[in-house]
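Readers should treat all values here as calculations from the given coordinates under stated rules, not as data from a laboratory. These numbers were taken from a predicted model, which means no experiment stands behind them. FYI the Cβ positions are ideal-geometry reconstructions off the backbone, even for glycines, and counts take in every protein chain you see.
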Amino acid sequence: MNEIIIGIIILVILAAVILSGRKRRLDEAESDVADHRAEEESLAKESVMSDRQVEQLRGDLIRSIEERFADRPEDQERLKEIINDWADLKIQSFHERRSWVRRPDQTQPESE
């Protein structure tokens, strides 16, 4: 009789250990899925522009600044510098993304 009780206790303990391990793995999987969804959503919201589109927008913005700030050359230069920096970063980001796609054997560069 004692052996049966000890056997039942051992089975209950084993079942508890197996179920708790399964629950932990399930929680980790759900967390991974949530992280993946969040990353996909952030990439979907990100404005991806080709280098041609960025160059065209840069030209449009600079022409607009030259027209609107013709009487304020200091502001014009500061705004042009900001636009050029933004455009350079956008183009660099576009090229890094494309280079990763072409060479998937290399690790993906860290996100901005």
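Farthest toward the dipole's positive end in region 1-46, which of 13, 38, 26, given Cβ charges of +1 (Lys, Arg) and -1 (Asp, Glu) about the Cα centre?
Looking along the dipole axis, the top candidate is 13.
With +1 on each Lys and Arg Cβ and -1 on each Asp and Glu Cβ, and nothing else charged, work out how big the dipole of region 1-46 is about its Cα centre, in Debye to the nearest 20. All intermediate terms of the calculation are to be shown ahead of the outcome.
Values: 6 positive and 10 negative charges, 75 e Å.
Dipole magnitude for region 1-46 comes out near 360 debye.
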